[in-house]
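Reading through the C-alpha coordinates given below for one structure.
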Amino acid sequence: MPIPRLAIIESTLREGEQFAAANFTPDQRRQIAHAVDDFGVEYIEVTSPVASPQAAQSCREIAALPLSATVLTHTRCVPDDVRLAIDCGVGGVDLLFGTSSWLRTHSHGLSIDEIVEAAALCIELTREAGVEVRFSCEDAFRTDPADLLRIHRAVAALGVDRVGLADTVGVATPSQVAALVAEVRAAVDCDIEFHAHNDTGCAVANALAALEAGATHIDTTVLGIGERNGIVSLSGLVARLLTVQPGLVAGYRLDQLTALDQMVAGIIGLEIPFTSPITAPFAFHHKAGIHTNAVLRDPRTYEPFPPEQFGIERRVLVAHQLVGRHALRERATSLGIDGDEGWLLRVTAEVKRHAGERLLYDDEVDEMLRASAGA
Ligand code: HCA
Ligand code: CU
(Lines give C-alpha, C1' and ligand atoms only; values in the text may rest on other atoms or scores of the structure.)
(Ligands and ions follow the chains in the order given, each with its own letter.)
Protein backbone atom coordinates (compact mmCIF):
# COMPACT_ATOMS: atom_id res chain seq x y z
CA MET A 1 0.00 0.00 0.00
CA PRO A 2 1.47 3.39 -0.91
CA ILE A 3 2.12 5.85 1.89
CA PRO A 4 -0.75 8.35 1.58
CA ARG A 5 1.11 11.46 2.72
CA LEU A 6 4.09 12.91 4.55
CA ALA A 7 4.66 16.11 6.48
CA ILE A 8 8.14 16.91 7.73
CA ILE A 9 8.53 18.47 11.15
CA GLU A 10 11.98 20.02 10.89
CA SER A 11 13.43 20.16 14.38
CA THR A 12 16.96 21.46 13.82
CA LEU A 13 15.94 24.46 15.93
CA ARG A 14 14.71 22.24 18.79
CA GLU A 15 16.14 18.69 18.78
CA GLY A 16 19.13 19.97 16.79
CA GLU A 17 19.91 22.56 19.47
CA GLN A 18 20.18 19.65 21.91
CA PHE A 19 23.19 18.34 19.93
CA ALA A 20 26.40 18.69 21.91
CA ALA A 21 28.11 20.83 19.27
CA ALA A 22 25.14 23.08 18.47
CA ASN A 23 24.88 26.53 20.06
CA PHE A 24 23.00 28.71 17.60
CA THR A 25 22.97 32.48 17.71
CA PRO A 26 19.67 34.28 17.01
CA ASP A 27 20.96 35.13 13.53
CA GLN A 28 21.85 31.51 12.82
CA ARG A 29 18.40 30.42 13.98
CA ARG A 30 16.78 32.80 11.52
CA GLN A 31 19.12 31.63 8.78
CA ILE A 32 18.26 27.98 9.46
CA ALA A 33 14.54 28.72 9.63
CA HIS A 34 14.62 30.44 6.23
CA ALA A 35 16.71 27.66 4.69
CA VAL A 36 14.50 24.77 5.81
CA ASP A 37 11.44 26.81 4.85
CA ASP A 38 12.86 27.37 1.35
CA PHE A 39 13.54 23.64 1.15
CA GLY A 40 9.81 23.21 1.67
CA VAL A 41 9.26 21.51 5.03
CA GLU A 42 5.74 21.79 6.38
CA TYR A 43 6.70 22.52 10.00
CA ILE A 44 9.59 24.08 11.90
CA GLU A 45 9.90 23.14 15.56
CA VAL A 46 11.76 25.51 17.88
CA THR A 47 13.04 25.20 21.44
CA SER A 48 10.56 25.84 24.20
CA PRO A 49 10.44 29.54 25.15
CA VAL A 50 10.66 28.40 28.77
CA ALA A 51 14.28 27.30 28.23
CA SER A 52 15.78 30.82 28.57
CA PRO A 53 14.95 34.46 27.84
CA GLN A 54 16.91 34.12 24.59
CA ALA A 55 14.92 31.02 23.63
CA ALA A 56 11.69 32.96 24.18
CA GLN A 57 13.03 35.84 22.10
CA SER A 58 14.03 33.49 19.27
CA CYS A 59 10.70 31.66 19.45
CA ARG A 60 8.88 35.00 19.00
CA GLU A 61 11.22 36.03 16.18
CA ILE A 62 10.93 32.78 14.25
CA ALA A 63 7.16 32.69 14.72
CA ALA A 64 6.97 36.21 13.25
CA LEU A 65 9.08 35.47 10.16
CA PRO A 66 7.29 35.38 6.81
CA LEU A 67 7.58 31.59 6.42
CA SER A 68 5.41 29.10 4.56
CA ALA A 69 6.02 26.47 7.23
CA THR A 70 4.01 26.40 10.44
CA VAL A 71 6.19 27.17 13.46
CA LEU A 72 5.75 24.83 16.41
CA THR A 73 7.30 24.87 19.82
CA HIS A 74 7.97 22.03 22.19
CA THR A 75 6.28 22.36 25.56
CA ARG A 76 5.96 20.36 28.76
CA CYS A 77 2.43 19.75 29.99
CA VAL A 78 2.58 22.75 32.30
CA PRO A 79 -0.14 25.40 31.76
CA ASP A 80 2.22 28.36 32.21
CA ASP A 81 4.62 26.90 29.64
CA VAL A 82 1.77 26.49 27.19
CA ARG A 83 0.54 30.05 27.83
CA LEU A 84 4.01 31.42 27.14
CA ALA A 85 4.31 29.34 23.96
CA ILE A 86 1.01 30.66 22.67
CA ASP A 87 1.98 34.19 23.63
CA CYS A 88 5.08 33.83 21.44
CA GLY A 89 2.82 33.54 18.40
CA VAL A 90 3.54 29.96 17.31
CA GLY A 91 1.17 28.10 15.02
CA GLY A 92 1.20 24.97 17.12
CA VAL A 93 2.24 23.46 20.43
CA ASP A 94 3.99 20.10 20.68
CA LEU A 95 3.14 18.74 24.12
CA LEU A 96 5.05 15.80 25.47
CA PHE A 97 5.17 13.55 28.50
CA GLY A 98 7.49 10.75 29.54
CA THR A 99 5.35 7.63 29.69
CA SER A 100 7.80 4.74 30.13
CA SER A 101 8.15 3.23 33.58
CA TRP A 102 11.75 4.55 33.56
CA LEU A 103 10.58 8.12 33.15
CA ARG A 104 7.52 7.72 35.33
CA THR A 105 9.71 6.41 38.14
CA HIS A 106 12.82 8.54 37.74
CA SER A 107 11.54 11.73 36.11
CA HIS A 108 8.07 12.88 37.17
CA GLY A 109 6.53 10.04 39.24
CA LEU A 110 3.01 10.43 37.80
CA SER A 111 0.45 7.72 37.06
CA ILE A 112 -1.15 7.31 33.63
CA ASP A 113 -4.35 8.99 34.83
CA GLU A 114 -2.37 11.92 36.19
CA ILE A 115 -0.53 12.24 32.86
CA VAL A 116 -3.82 12.37 30.96
CA GLU A 117 -5.17 14.92 33.44
CA ALA A 118 -2.13 17.19 33.01
CA ALA A 119 -2.35 16.82 29.23
CA ALA A 120 -6.07 17.60 29.17
CA LEU A 121 -5.64 21.04 30.68
CA CYS A 122 -2.87 21.96 28.24
CA ILE A 123 -4.73 20.57 25.24
CA GLU A 124 -7.72 22.68 26.19
CA LEU A 125 -5.60 25.82 26.56
CA THR A 126 -3.98 25.26 23.17
CA ARG A 127 -7.26 24.54 21.41
CA GLU A 128 -8.80 27.65 22.92
CA ALA A 129 -5.94 29.65 21.41
CA GLY A 130 -6.84 28.25 18.00
CA VAL A 131 -3.42 26.75 17.23
CA GLU A 132 -2.45 23.15 16.44
CA VAL A 133 -1.84 20.78 19.28
CA ARG A 134 0.11 17.56 19.39
CA PHE A 135 0.60 15.22 22.32
CA SER A 136 3.59 12.87 22.22
CA CYS A 137 4.68 10.03 24.47
CA GLU A 138 8.38 10.24 25.19
CA ASP A 139 10.09 6.83 25.28
CA ALA A 140 7.03 5.29 23.63
CA PHE A 141 8.79 2.03 22.82
CA ARG A 142 9.65 1.35 26.45
CA THR A 143 6.14 2.30 27.55
CA ASP A 144 3.63 -0.44 28.28
CA PRO A 145 1.66 -0.56 24.97
CA ALA A 146 -1.63 -0.69 26.92
CA ASP A 147 -0.66 2.58 28.68
CA LEU A 148 0.40 4.18 25.40
CA LEU A 149 -2.88 3.31 23.69
CA ARG A 150 -4.89 4.47 26.68
CA ILE A 151 -3.12 7.85 26.64
CA HIS A 152 -3.37 8.28 22.89
CA ARG A 153 -7.08 7.38 22.85
CA ALA A 154 -7.70 9.86 25.67
CA VAL A 155 -5.83 12.76 24.06
CA ALA A 156 -7.35 12.01 20.65
CA ALA A 157 -10.80 12.24 22.25
CA LEU A 158 -9.76 15.62 23.66
CA GLY A 159 -9.19 16.83 20.12
CA VAL A 160 -5.42 16.82 19.49
CA ASP A 161 -4.39 17.25 15.87
CA ARG A 162 -1.65 14.64 16.25
CA VAL A 163 -0.43 12.02 18.64
CA GLY A 164 3.28 11.33 18.70
CA LEU A 165 5.49 8.33 19.38
CA ALA A 166 9.10 9.05 20.26
CA ASP A 167 11.82 6.40 20.19
CA THR A 168 13.70 8.57 22.66
CA VAL A 169 16.70 6.30 23.18
CA GLY A 170 16.80 4.82 19.69
CA VAL A 171 16.13 1.23 20.73
CA ALA A 172 13.13 0.35 18.57
CA THR A 173 13.50 -1.96 15.59
CA PRO A 174 11.61 -1.36 12.32
CA SER A 175 9.25 -4.25 13.05
CA GLN A 176 8.48 -2.92 16.54
CA VAL A 177 7.81 0.52 15.08
CA ALA A 178 5.53 -0.95 12.42
CA ALA A 179 3.58 -2.94 15.01
CA LEU A 180 3.11 -0.12 17.53
CA VAL A 181 2.27 2.56 14.96
CA ALA A 182 -0.27 0.18 13.40
CA GLU A 183 -1.90 -0.28 16.82
CA VAL A 184 -2.07 3.47 17.33
CA ARG A 185 -3.38 3.92 13.76
CA ALA A 186 -6.23 1.56 14.56
CA ALA A 187 -6.96 3.32 17.85
CA VAL A 188 -7.15 7.00 16.81
CA ASP A 189 -8.40 9.05 13.87
CA CYS A 190 -5.98 11.97 14.15
CA ASP A 191 -2.55 12.30 12.51
CA ILE A 192 0.44 10.37 13.89
CA GLU A 193 3.93 11.81 14.35
CA PHE A 194 7.06 9.70 14.75
CA HIS A 195 10.35 10.83 16.27
CA ALA A 196 13.31 8.46 15.96
CA HIS A 197 16.69 8.64 17.64
CA ASN A 198 19.65 7.03 15.94
CA ASP A 199 21.53 5.36 18.80
CA THR A 200 21.43 1.99 17.04
CA GLY A 201 21.57 3.34 13.49
CA CYS A 202 17.90 2.58 12.76
CA ALA A 203 16.37 6.07 12.76
CA VAL A 204 15.72 6.37 9.02
CA ALA A 205 14.60 2.74 8.67
CA ASN A 206 12.27 3.23 11.60
CA ALA A 207 10.83 6.39 10.05
CA LEU A 208 9.96 4.45 6.90
CA ALA A 209 8.41 1.66 8.97
CA ALA A 210 6.32 4.26 10.79
CA LEU A 211 5.10 5.84 7.55
CA GLU A 212 4.24 2.45 6.08
CA ALA A 213 2.24 1.65 9.21
CA GLY A 214 0.21 4.86 9.08
CA ALA A 215 2.32 7.69 10.53
CA THR A 216 1.81 10.99 8.74
CA HIS A 217 4.46 13.28 10.25
CA ILE A 218 8.19 12.60 10.64
CA ASP A 219 10.62 14.63 12.74
CA THR A 220 13.95 15.41 11.10
CA THR A 221 16.96 17.62 11.64
CA VAL A 222 19.56 18.81 9.17
CA LEU A 223 22.45 16.28 9.31
CA GLY A 224 20.40 14.39 11.91
CA ILE A 225 21.85 16.43 14.77
CA GLY A 226 20.23 15.99 18.17
CA GLU A 227 20.76 14.53 21.63
CA ARG A 228 23.67 12.04 21.67
CA ASN A 229 24.09 10.94 18.03
CA GLY A 230 20.87 12.50 16.87
CA ILE A 231 17.69 11.62 14.99
CA VAL A 232 16.46 11.08 11.40
CA SER A 233 18.46 13.31 9.07
CA LEU A 234 16.58 15.30 6.46
CA SER A 235 18.83 13.95 3.70
CA GLY A 236 18.45 10.39 5.05
CA LEU A 237 14.67 10.60 4.98
CA VAL A 238 14.71 12.08 1.48
CA ALA A 239 17.08 9.37 0.20
CA ARG A 240 15.06 6.60 1.82
CA LEU A 241 11.78 7.80 0.33
CA LEU A 242 13.23 8.50 -3.10
CA THR A 243 13.80 4.81 -3.73
CA VAL A 244 10.49 3.75 -2.18
CA GLN A 245 7.96 6.37 -3.23
CA PRO A 246 9.61 9.36 -4.91
CA GLY A 247 6.32 11.24 -5.19
CA LEU A 248 6.40 11.81 -1.43
CA VAL A 249 9.46 14.05 -1.69
CA ALA A 250 8.91 15.49 -5.16
CA GLY A 251 7.60 18.76 -3.74
CA TYR A 252 10.77 19.62 -1.80
CA ARG A 253 13.67 21.62 -3.22
CA LEU A 254 16.05 18.68 -3.46
CA ASP A 255 18.60 20.88 -5.23
CA GLN A 256 19.04 22.81 -1.96
CA LEU A 257 19.79 19.82 0.24
CA THR A 258 23.57 19.91 -0.06
CA ALA A 259 23.76 23.65 0.63
CA LEU A 260 21.49 23.15 3.64
CA ASP A 261 23.69 20.41 5.09
CA GLN A 262 26.82 22.46 4.36
CA MET A 263 25.35 25.50 6.05
CA VAL A 264 24.46 23.67 9.27
CA ALA A 265 27.78 21.78 9.22
CA GLY A 266 29.54 25.14 8.98
CA ILE A 267 27.51 26.57 11.84
CA ILE A 268 28.29 23.66 14.18
CA GLY A 269 31.90 23.49 13.02
CA LEU A 270 31.84 19.90 11.74
CA GLU A 271 32.16 18.24 8.35
CA ILE A 272 29.16 16.59 6.70
CA PRO A 273 29.63 12.93 7.80
CA PHE A 274 30.97 10.71 5.00
CA THR A 275 27.99 8.41 5.65
CA SER A 276 25.40 11.11 5.03
CA PRO A 277 22.97 10.02 2.30
CA ILE A 278 23.06 12.26 -0.80
CA THR A 279 25.11 15.10 0.69
CA ALA A 280 28.26 13.28 1.84
CA PRO A 281 31.25 14.57 -0.12
CA PHE A 282 31.77 11.23 -1.88
CA ALA A 283 28.13 10.11 -2.14
CA PHE A 284 28.33 10.01 -5.94
CA HIS A 285 32.03 9.13 -6.43
CA HIS A 286 32.77 5.85 -8.18
CA LYS A 287 36.12 4.17 -7.81
CA ALA A 288 36.71 0.48 -8.61
CA GLY A 289 37.19 -0.31 -12.28
CA ILE A 290 34.52 -2.98 -12.21
CA HIS A 291 31.96 -0.35 -11.11
CA THR A 292 33.12 2.51 -13.25
CA ASN A 293 32.87 0.53 -16.46
CA ALA A 294 29.18 -0.08 -15.82
CA VAL A 295 28.54 3.42 -14.43
CA LEU A 296 29.95 5.00 -17.57
CA ARG A 297 27.58 2.93 -19.68
CA ASP A 298 24.58 3.53 -17.45
CA PRO A 299 24.87 5.25 -14.05
CA ARG A 300 21.80 3.43 -12.76
CA THR A 301 23.97 0.32 -12.39
CA TYR A 302 25.64 1.68 -9.24
CA GLU A 303 23.52 4.64 -8.19
CA PRO A 304 20.27 4.51 -6.22
CA PHE A 305 19.12 7.77 -7.81
CA PRO A 306 20.69 10.30 -10.17
CA PRO A 307 22.79 13.04 -8.50
CA GLU A 308 21.67 15.69 -11.00
CA GLN A 309 18.36 16.23 -9.18
CA PHE A 310 20.37 17.47 -6.20
CA GLY A 311 22.61 19.65 -8.36
CA ILE A 312 25.49 17.23 -7.71
CA GLU A 313 27.87 15.86 -10.34
CA ARG A 314 28.94 12.24 -10.25
CA ARG A 315 32.66 11.62 -10.33
CA VAL A 316 34.58 8.69 -11.68
CA LEU A 317 37.90 8.52 -9.86
CA VAL A 318 40.99 7.68 -11.85
CA ALA A 319 44.01 8.36 -9.61
CA HIS A 320 44.20 5.00 -7.84
CA GLN A 321 45.32 1.42 -8.33
CA LEU A 322 41.78 0.07 -8.83
CA VAL A 323 41.28 2.21 -11.90
CA GLY A 324 39.88 0.55 -15.01
CA ARG A 325 40.71 1.36 -18.61
CA HIS A 326 37.16 2.52 -19.38
CA ALA A 327 37.42 5.21 -16.71
CA LEU A 328 40.75 6.35 -18.14
CA ARG A 329 39.31 6.38 -21.64
CA GLU A 330 36.51 8.61 -20.39
CA ARG A 331 38.96 10.90 -18.65
CA ALA A 332 41.15 11.11 -21.76
CA THR A 333 38.15 11.90 -23.94
CA SER A 334 37.11 14.70 -21.58
CA LEU A 335 40.62 16.14 -22.04
CA GLY A 336 40.39 15.81 -25.82
CA ILE A 337 42.90 12.95 -25.89
CA ASP A 338 42.42 9.93 -28.11
CA GLY A 339 44.40 6.73 -28.56
CA ASP A 340 44.12 3.10 -29.58
CA GLU A 341 43.41 0.16 -27.29
CA GLY A 342 47.13 -0.67 -26.92
CA TRP A 343 47.86 2.86 -25.70
CA LEU A 344 44.95 2.64 -23.27
CA LEU A 345 46.22 -0.63 -21.79
CA ARG A 346 49.73 0.80 -21.41
CA VAL A 347 48.62 3.99 -19.71
CA THR A 348 46.25 2.05 -17.45
CA ALA A 349 49.15 -0.15 -16.34
CA GLU A 350 51.26 2.96 -15.73
CA VAL A 351 48.63 4.64 -13.58
CA LYS A 352 48.12 1.45 -11.57
CA ARG A 353 51.88 1.05 -11.04
CA HIS A 354 52.34 4.62 -9.79
CA ALA A 355 49.19 4.52 -7.64
CA GLY A 356 50.35 1.27 -6.08
CA GLU A 357 53.54 3.00 -4.96
CA ARG A 358 52.25 6.32 -3.67
CA LEU A 359 49.30 8.70 -3.44
CA LEU A 360 48.48 9.96 -6.90
CA TYR A 361 46.61 13.13 -7.88
CA ASP A 362 44.19 13.69 -10.76
CA ASP A 363 46.42 16.19 -12.53
CA GLU A 364 49.29 13.68 -12.49
CA VAL A 365 47.03 11.16 -14.20
CA ASP A 366 46.03 13.81 -16.72
CA GLU A 367 49.69 14.46 -17.35
CA MET A 368 50.36 10.75 -17.92
CA LEU A 369 47.47 10.62 -20.40
CA ARG A 370 48.79 13.67 -22.28
CA ALA A 371 52.41 12.56 -22.28
CA SER A 372 51.71 8.98 -23.35
CA ALA A 373 49.24 10.08 -26.04
CA GLY A 374 51.85 12.39 -27.48
CA ALA A 375 54.57 9.69 -27.27
C1 HCA B 1 13.24 15.71 24.35
C2 HCA B 1 12.65 14.38 24.06
C3 HCA B 1 12.25 14.07 22.66
C4 HCA B 1 10.83 14.48 22.36
C5 HCA B 1 10.27 13.99 21.09
C6 HCA B 1 8.88 14.45 20.75
C7 HCA B 1 12.42 12.55 22.55
O8 HCA B 1 14.39 15.93 23.98
O9 HCA B 1 12.59 16.53 24.97
O10 HCA B 1 8.56 15.60 21.03
O11 HCA B 1 8.12 13.65 20.20
O12 HCA B 1 13.30 12.09 21.84
O13 HCA B 1 11.65 11.86 23.22
O14 HCA B 1 13.12 14.69 21.73
CU1 CU C 1 14.39 13.49 20.66
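The values are calculated or read from the model by the stated rules, or taken from the named source; none is laboratory data. Fair warning: this is a prediction, and the values are worked out from it, not measured in the lab. Methodologically, a virtual Cβ is constructed for each residue, glycine included, from the backbone with ideal geometry; neighbour enumeration extends over all protein chains shown. Note: areas computed on protein heavy atoms with side chains; ligands, DNA, RNA excluded. Shrake-Rupley method; radii C 1.70, N 1.55, O 1.52, S 1.80 Å.
Under a 10 Å cutoff between Cα atoms, tell me which one of N23, N198, N206 has the largest fluctuation in the Gaussian network model of the chain.
N23
Could you give the dipole magnitude of the chain about its Cα centre, charging the beta-carbon of Lys and Arg +1 and that of Asp and Glu -1, in debye to the nearest 20?
It works out to roughly 900 debye.
What is the Å³ per residue value for the convex hull set by the Cα atoms of region 196-279?
Value for region 196-279: 92 Å³ per residue.
Rounded to whole Å, give me the distance from the Cα center of region 1-75 to that of region 103-162.
So the two Cα centres are separated by 22 Å.
Please report the orientation-averaged projected area of the chain, defined via the convex hull of its C-alpha atoms, in nm².
21.0
What fraction, in whole percent, of alpha-carbon pairs in region 53-111 exceed 15 Å separation?
In whole percent, the long-distance tail amounts to 55.
Less than 14 Å Cβ to Cβ from P49, Lys/Arg counted +1 and Asp/Glu -1: what total charge do the surrounding residues give?
Around P49, the surrounding residues sum to -2.
For the Cα atoms of the chain, what angle does the longest principal axis make with the long axis of helix 341-357, in degrees from 0 to 90, nearest 10?
Value to nearest ten degrees: 60.
Please state the relative contact order of the chain as a whole percent: Cα pairs under 8 Å, 6+ residues apart? Could you put the intermediate results ahead of the total?
Working: 705 pairs, mean separation 49.2, N = 375.
Taking the mean separation of contacting Cα pairs over the length of the chain, I get 13 percent.
Can you find, among I123, L13, H108, the residue sitting farthest towards the positive end of the charge dipole of the chain, where Lys and Arg contribute +1 and Asp and Glu -1 at Cβ?
Working it through, the farthest residue towards the positive pole turns out to be L13.
Considering the options I3, A69, H34, tell which one lies farthest towards the positive end of the dipole of the chain, charges being +1 on Lys and Arg and -1 on Asp and Glu at the Cβ, about the Cα centre.
Working it through, the farthest residue towards the positive pole turns out to be I3.
Which order do the peptides 112-124, 316-328 come out in when sorted by mean C-beta neighbours inside 10 angstrom, highest first?
The densest-packed peptide leads the list: 316-328, 112-124.
Net charge near A186: determine it from the other residues with C-beta under 15 Å of the C-beta of A186, scoring Lys and Arg +1 and Asp and Glu -1.
Net of charged neighbours comes to -1.
What is the Cα centroid distance between region 177-191 and region 288-363, reported in whole angstrom?
First find each Cα centre; the distance between them is then 49 Å.
Kindly sort D219, D362 by accessible area of their heavy atoms, largest first, with the probe set to 1.4 Å.
Output order, biggest surface exposure first: D362, D219.
How many angstrom separate the Cα center of region 218-235 from the Cα center of region 244-266?
First find each Cα centre; the distance between them is then 13 Å.
Would you kindly derive the ³J(HN,Hα) couplings of region 119-136 from the backbone phi angles with the Karplus curve 6.51 cos²θ - 1.76 cosθ + 1.60 (θ = phi - 60°), listing them in order in whole Hz, with x for Gly and Pro?
Working through the residues one at a time gives 5, 4, 4, 6, 5, 4, 4, 5, 5, 4, 6, x, 10, 5, 9, 10, 10, 10 Hz.
Rounded to the nearest 500, what is the 222 nm mean residue ellipticity of the chain from helices alone, with -39500 (n - 2.57) per DSSP H run of 4+ residues and division by all residues?
-13500 deg cm²/dmol
Got a number for carbon plus sulfur as a percent of the chain's accessible area, 1.4 Å probe? Can you show the working numbers first?
On the way: 8670 of 16490 Å².
Accessible surface attributable to carbon and sulfur in the chain totals 53 percent.
Tell me whether region 309-375 comes out rounded, prolate or oblate; compute the Cα gyration tensor, take square roots of the eigenvalues as a ≥ b ≥ c, and use a/c under 1.5 as the rounded threshold.
In terms of gyration-tensor shape, oblate.
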